[in-house]
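Working notes, structure below.
FYI, it's all coordinate maths here, none of it is from the lab. Here the structure is a predicted model, which is why all the values come from computation and not from measurement. All Cβ positions, glycine included, derive from the backbone under ideal geometry; neighbour counts span all protein chains shown.
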Amino acid sequence: MGSLITTRGLTKRYGQVLALSGVDLKVPKGATGLLGPNGAGKSTLIRSLIGLVTPDSGRGRIFGKDISSMGLDIRRRIGYMPEHDCLVQDMSAVEMVAYAGLLSGMSRGAAVQRAHEVLHFVGMDDERYRDIETYSSGMRQKVNLAQALVHDPELLFLDEPTSGLDPKGRVEMLELFRFLSHEQGKSLLLSTHILPDVEYVCDNLIVLADGKVLLQGDIEEQLRGETGVVNVRIEGDRDAFRRALDGRGYTVEDDGYIIRVVRMGGETDPEDIFSDVVRSASDTGVQVRYASRTARNLEDLFMELVEERGEVG
Amino acid sequence: MTRALDPRGGKESRIYTDRYTPWKGELGERHWIVLRAINDGFRHNLRNKWVKAIIALAWVFTVVFPLLTASFGMNQLIQDADSAARYENYEEYLSELDEYGIGYRMVKNIEPDSMATFDVWVSNTGERPDIIHVYIADIRADQPGWGVWLNLPGSMNATGELNFSLPAGEMANFNLSVAAPPGLITGYADVIIGAESEGASSLVSLFGGETGVSKGLATRTIVGQTEASPYHFTITALQPVGSVRAGDSITIDHVIENTGTEADIYNVFTTGLPDGWRSSVDGTGDGAIDLEPGESLNFSVTFRVPDDSISTNYVSVLGLSTMDPSLTSGSVMIIKVTDIPDVDLTAEIIAGPNTGLASSLFMLFTLFLAAIAGSKAIAMDLAQRSYTVYFARPIGKMDYVAIKYGTVGATLSMVTILPLLCAYLGLILLSSVGGQYLMDHAWVWGAIVLHGLLIIIVLTSLSLAFSSLTTRRFTAAFGLVVAYFMTFVMASIIVNVFGEAGGTAVSIYDSVQLAGAGIFGVEGVDFDYSWGYNVLTLLSISAISTLAVLWKVSRTELSE
């Protein structure tokens, strides 16, 4: 599958601050999470891609078109949901979204009709006729999404879309993203520092820190090697059971209720761990009441990557 | 992979994923985007309550009120012209009376050594109160020694002149006494009573027993003719004063009455027509009017006015008696050709004291609208970071600037070009100058648009420049207003203190006024100074402001 977005050596500096440092990317179609701590350069990367800022060096292509010379063509096919509230306060949601449609090239009639459709889609009912300055943060974010969607773009750039939302608003927003990606086939580049958001919506992952790409790829693949942990609950001699597993090369952590059995060093077939657990239980005469494989989540992966670079939040 | 959250398991979420429909339409090109965005921004501006209020006030003061006053003023203008023309042509009028022998409205036959008393009325037929000065204008007699004086009824005070203070529409009575010289057996005296309006704007009518249209009244007193002629008749114009546009025709109804004691046949014709004028008499059958004593007949006279006629004209209808060839009667009409000179109509709109593009009130409305609509245009985008949303669309920064210029310019046109075009059209309709005038003065439409565009360009550029330099709309608006008045004060100092007329070139207001006067070619301003410099000033301000806007917008980046 060809890449939707590619960059090579993308660099952007603000004074003494190096926001992007030779970023090389290959972003496939689908939902991609752009993860990174605050100040990692996520927003700068998105703004560079869609032409809101001009990179100091490097090249980039979206839909196979060069971002520096074919920005207008690219921007006909993308939607951008900015991080900050960028809406015109003395417009109603319908006016704002319709205006965004006009600026995307829609006729006035089509823009107004489409504005109603997308506002309805994001859950704005009668309140869509009120001025935006009267809206809550959640409503503003919905309008923000609607203006990005009004012209039905192929690719959506979502910059911190759930920041500032209450739990219910966040769930609604993520559900919309997931629907757009999985049901409507749109590609997303979701920039956030909230790991569960990426985990819920995205299939692919880019980790950015200090303006550099630390990791990119399929999320399932990235987490596949992190399955060497099994949680066990037993009845019987816990010390003997731990010693038996130690003897088979496992690291055992016992909190008095659950015993965490970890195979250190490289990939391990979970079935092998289960076999060793059963054999150790048999050898020590304990009864296994519960055994479950646990996976390391994105947070584990992210923290490992960041800590390796000495970067913490 | 374990899901980090389960959106379906918690509170009910109000989302409508089943309601999303992909859009299948086509997206337009950039020029359409710009035009549509201008239209949308313009409509958005018009929904602002302050914008609506200013536009409404501007239309009241620059269209409705001027139309009402100009309408009144034009009617007055026509009346004044009539009065002035009559006064100027008074001698000509009198000579016409002599030449055609008409207008001897009042004739009295007296015995030798006796006196004739004419009962005369003076009427203020104008629309304003007036003081009317009545006097004996001329005495012509075949013998010397006639005594002539004026007096009020019942008064023994004889005088050569009388003054009457009359409200509009009121009249007053006085007497003209004519005494024959002692011992005169036969003879006559023609006495003409003159009248002048102090206001010089009211139409004065003098008449004595018969309807008169003149500013003067002629009388004839005859001594020695004791037996009245059996033949006598009168011709009266029912609308003795009329107006007509050049190239059109006017019809005036008349009545001819046999006031003698014998039947008579009359021939009626027009006389005294200016060059190019044509006339026709209708309602007289084969041309000869046969009337019994006391009988009357209505007929009409149509005058066709050539295209190039421009002035007030006197025309006469003359009747001749068949039975007594020396007997004549007739009417004199004053016909105003209402082709208002160019300078008057354009000046009324453009350079009038409180109307038109150059008026201070008009400029204030435009300035305040620019302060509201223009000053927020970019400042609010900067403050709200709305340009982030705009520039993520298929438009460039030049497109953005064009949209802002178009939006503010279209809004300002609501208080500049549009009302002025309407005011001009309204004035033309009210003045009844007709379609030919529209054709002949097509350049005025272009001048209105040109001058309006000049104002729009300079105020749009300036307001957007201030707007691009701040994120506070009120700061931008304040800057615009201060710049406007500051340049005015500076120009006033240069002109009044240093006596340099060229100082007006530093003032936006003066430059707009003088450029307007220059474009329309009217003498409506006090400065004797080339307006080309003022146009240069306005264009320079616009260019510098536009460069400032382009510079600011081009370097705007999202660096947060």
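Some notes on this structure:
- Exposure proxy order (Cβ contacts within 10 Å, fewest to most) of B:Asp275, B:Asp113: B:Asp275, B:Asp113
- Angle in degrees between helix A:238-247 and the longest Cα principal axis of chain A, rounded to the nearest 10: 80 degrees
- Entry note, region B:254-310: relative contact order of 49 percent, from Cα contacts under 8 Å with a spacing of 6+ residues.
- Between the helical axis of A:93-103 and the longest alpha-carbon principal axis of chain A there is an angle of about 80 degrees.
- Rounded to the nearest 20 debye, the dipole magnitude of chain A is 1020 debye, with +1 charges on Lys and Arg beta carbons, -1 on Asp and Glu beta carbons, and the Cα centre as origin.
- Nearest-20 debye value, region B:227-341 charge dipole, Cβ charges on Lys, Arg, Asp, Glu: 520 debye
- Gyration tensor (alpha-carbon) shape descriptor, region A:104-200, a/c threshold 1.5: oblate
- For peptide A:81-94, the mean count of partner chain Cβ atoms within 10 Å of a residue's Cβ comes to 4.
- Distant-in-sequence amide H partners of B:Ser243 (H built 1.01 Å from N, under 5 Å): B:Lys336
- Dividing the summed -39500 (n - 2.57) terms of all DSSP H runs of n ≥ 4 by the residue count of chain A sets its mean residue ellipticity at 222 nm at -11000 deg cm²/dmol.
- In this structure the amide hydrogen of A:Leu214, modeled in the peptide plane, comes within under 5 Å of the amide hydrogens of A:Val207, A:Leu208, A:Ala209, none closer than 5 places in sequence on its chain.
- Per-residue Karplus couplings for region A:38-44, computed as 6.51 cos²θ - 1.76 cosθ + 1.60 with θ equal to phi - 60°, are listed in order as 4, x, 6, x, 5, 5, 4 Hz, Gly and Pro entered as x.
- Estimated FRET transfer efficiency when R0 is 22 angstrom, pair B:Trp551-B:Met486 (beta carbons, to 0.05): 0.45
- Note on chain A: semi-axes of the ellipsoid equivalent to its C-alpha gyration tensor, largest first and rounded to whole Å, are 46, 24, 16.
- 3J(HN,Hα) from dihedral phi, region B:144-153, Karplus parametrisation 6.51/-1.76/1.60, rounded to Hz, x for glycine, proline: x, x, 6, x, 9, 7, 10, 7, 7, x
- Overall form of region A:188-267 per C-alpha gyration tensor (a/c, 1.5; a/b vs b/c): prolate
- Dipole orientation for region B:227-341: of the candidates B:Ser300, B:Val337, B:Phe233, B:Val337 has the Cα lying most toward the positive pole (charges on Cβ; Lys, Arg +1; Asp, Glu -1).
- Measuring gaps between exposed loop sites in chain A (GluC sites (Glu not before Pro); DSSP loop; at most 13 other Cβ atoms within 10 Å), the longest gap, sites not included, is A:1-182.
- Two-site FRET efficiency, A:Gln16 against A:Glu271, from Cβ-Cβ distance with R₀ of 51 Å, rounded to 0.05: 0.40
- Axis angle, to the nearest 10 degrees, between helix A:137-149 and the longest C-alpha principal axis of chain A: 70 degrees.
- Considering only A:Gln216, A:Gln141, A:Gln184, the mean-square fluctuation computed in a Gaussian network model of chain A, springs between alpha carbons under 10 angstrom, is largest for A:Gln184.
- Amide H contacts under 5 Å for B:Phe118, placed H, 5+ residues apart: B:Leu176, B:Ser177, B:Val178
- Computed 3J(HN,Hα) for region A:8-17, one whole-Hz value per residue from the Karplus formula 6.51 cos²θ - 1.76 cosθ + 1.60 where θ = phi - 60°, is 9, x, 5, 9, 9, 10, 10, x, 8, 8, glycine and proline marked x.
- Translational diffusion of region B:227-341, µm² s⁻¹ [Kirkwood Rh, Cα pairs; Stokes-Einstein; 4 °C; 1.567 mPa s]: 88 µm²/s
- Average beta carbon contacts from partner chains per residue of A:72-79, 10 Å cutoff: 3
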